Amino acid sequence: MTVFSQMAAAGHEQVCHVADADTGLRAIVAVHSTALGPGLGGVRIREYADEQAALVDVLRLSEAMSYKAACAGLRCGGAKAVVLGPFPRDREAAMHALGRAVDGLSGRYVATEDMGMTEADIALLNEVTPHAVGRSLEAGGSGDPSPHTADGVIAGMRASLRAAGRAVDFQDLRVAVQGCGNVGLGVIERLLAAGATVIASDISQQARERAAGAGAQIVDNDRIHAESADIFAPCGIGAILNAGSIAELGCAIVAGGANNQLAEAEDGERLAARGIVYAPDFVINAGGLINVSDELDSEGYNAERVRFRVASIESTLDEVFAQASAQGETTERVAMAMAKTRIEAGSR
Ligand code: NAD
């Protein structure tokens, strides 16, 4: 397939290849949609098998950003950048080269953090372009997104409980959390504070120890999805929901912060067929995006507004669950349709 046909498949507006001879930086920026506002998305630094793999990844990720921002009701579009690793040794010069490329897009793309990027890297980008957000709180930015993502996951769990016909009360609930990193640990702490019993797993010993220290009971990571629980919260890696794991799920609800939880589109149907309430990942985990996007507000970052918007993930999911039930459709498809409707309205 040509680049143009790959762009046309999901309606990408722009793809920009960046090569900096001085540092060896190679990057691709994909702007999926600016219908609702500037295309906001992280810079991912990763070693790809080849250029085609990098292109496929940046196209997929930028499209997903459009849907996440639209469902969260943000005045942002979707975009993403990938840097083909390994990252050049002269990090400062390479970040400046990337920043100049971002600047050349005149705000159609606003860069933020993703895998391999830090707040210090955003500060380097900001030395050459205003179109990068995710600054530290000390620098007047939005700081760590993870607590906001965890808040959003809890809000989404409340809507999920309601959709499952349960009382919206964490007291005496049993929740299984896979992945105890920045988001997972935040979710665990909030659940425990609200009176839930938490079982948790992680592939990292250190993360398991942190979760146990917070009060979670540690279980086998390969079997956590099958544990009897009210809610299973994937907060580690993606593609955790597949034909095999869905058949074994021991929960009534799947609601967690990890990205790309469904291994394939049919997994949404498999969950629905088992009567399991599934909170689409790109709706429930938008808290971090809501937080960082607030830096783009003309009046600057406002923590109160962020809290309000993150809390509204609950009502957005109420709407997704209601539509899914009325239409006999999967929650994933309903959320995607909701996003596309908002993007189309924006482009008109
Ligand atoms: P993190 O790196 O802080 O934590 C991830 C944790 O998952 C680590 O402790 C790691 O050991 C564990 N893990 C990795 N592979 C695993 C596996 N196979 N099984 C169990 N545990 C595993 O990352 P994070 O910021 O907490 O993000 C977690 C997930 O949430 C990711 O999918 C991320 O894309 C998504 N997400 C994060 C944010 C955010 O604000 N940080 C926002 C939206 C989505």
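Only one residue in Ala19, Ala49, Ala30 is of a type outside the set (Val, Ile, Thr) and closer than 28 Å to Arg348 by Cα, so which one is that? Steps first, answer last, please.
On the way: Ala19 fails: closer than 28 Å to Arg348 by Cα; Ala49 fails: closer than 28 Å to Arg348 by Cα.
Only one candidate qualifies: Ala30.
Checked against (1) near the ligand (Cβ under 10 Å from one of its atoms); (2) over 27 Å from Gly41 (Cα atoms); (3) out of contact with any Lys or Arg (no Cβ under 8 Å at 6 or more places or on another chain), Gly186 passes all but a single condition, namely (2). What number of residues within the range 272-309 are more than 22 Å from Ala163 (Cα to Cα), within 11 Å of the ligand (Cβ to nearest atom) and small (Gly, Ala, Ser)? Result for the range 272-309: 1.
For the range 224-244, the count of residues that are over 29 Å from Gln323 (Cβ atoms), out of contact with any Gly (no Cβ under 8 Å at 6 or more places or on another chain) and either within 13 Å of the ligand (Cβ to nearest atom) or among the hydrophobic types (A, V, I, L, M, F, W, C) (or both) is nonzero.
Yes or no, residue by residue, for (1) among the charged types (D, E, K, R); (2) surrounded by 21 or more Cβ atoms within 10 Å (Cβ to Cβ); (3) modelled with pLDDT under 95:
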position	(1), (2), (3)
Ala111	no, yes, no
Met115	no, no, yes
Asn126	no, no, no
Thr129	no, yes, no
Ser136	no, no, yes
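Annotation note: of Asp22, Asp90, Asp50, the sole residue that is out of contact with any helix residue (DSSP H, G or I) (no Cβ under 6 Å at 6 or more places or on another chain), without any contact (Cβ under 8 Å) to a residue 24 or more places away in the chain and of a type in the set (Asp, Glu) is Asp50. Residues being modelled with pLDDT of 95 or more, near the ligand (Cβ under 8 Å from one of its atoms) and among the hydroxyl-bearing types (Ser, Thr, Tyr) are represented in the range 201-210 by at least one member. Residues that are closer than 17 Å to Ala196 by Cα, under 21 Å from the mean Cα position of the chain (by Cα) and in a helix (DSSP H, G or I) do not occur anywhere in the range 129-148.
Can you tell which of Arg100, Arg91 is among the basic types (Lys, Arg) and farther than 21 Å from Gln14 by Cα?
On the way: Arg100 fails: farther than 21 Å from Gln14 by Cα.
None of the others qualify; the one that does is Arg91.
The requirement of being among the aliphatic types (A, V, I, L, M), in the same structural domain as Glu92 (by TED's automatic domain parsing), modelled with pLDDT of 95 or more and buried (at least 22 other Cβ atoms within 10 Å of the Cβ) is not satisfied by Leu105.
I'd like to verify a number: residues in the range 49-62 that are more than 23 Å from Leu125 (Cα to Cα) and either in a strand (DSSP E or B) or in contact with a Gly (Cβ under 9 Å, 6 or more places away or on another chain) (or both), how many?
Step one: list which residues in the range 49-62 are more than 23 Å from Leu125 (Cα to Cα), which gives 49-53, 56, 60.
Remaining after also requiring either in a strand (DSSP E or B) or in contact with a Gly (Cβ under 9 Å, 6 or more places away or on another chain) (or both): none.
So the answer is 0.
Okay, residues lined up against (1) touching a residue at least 24 places away in the same chain (Cβ under 8 Å); (2) assigned by TED's automatic domain parsing to the domain that holds Cys16:
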| residue | (1), (2) |
| --- | --- |
| Glu63 | yes, no |
| Ala69 | yes, no |
| Ala101 | yes, yes |
| Ile122 | no, yes |
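The values are calculated or read from the model by the stated rules, or taken from the named source; none is laboratory data. Since this is a predicted model, take the numbers as computed values, not measurements. In this analysis, Cβ positions are derived from the backbone assuming ideal geometry, glycine residues included, and neighbour counts consider all displayed protein chains.
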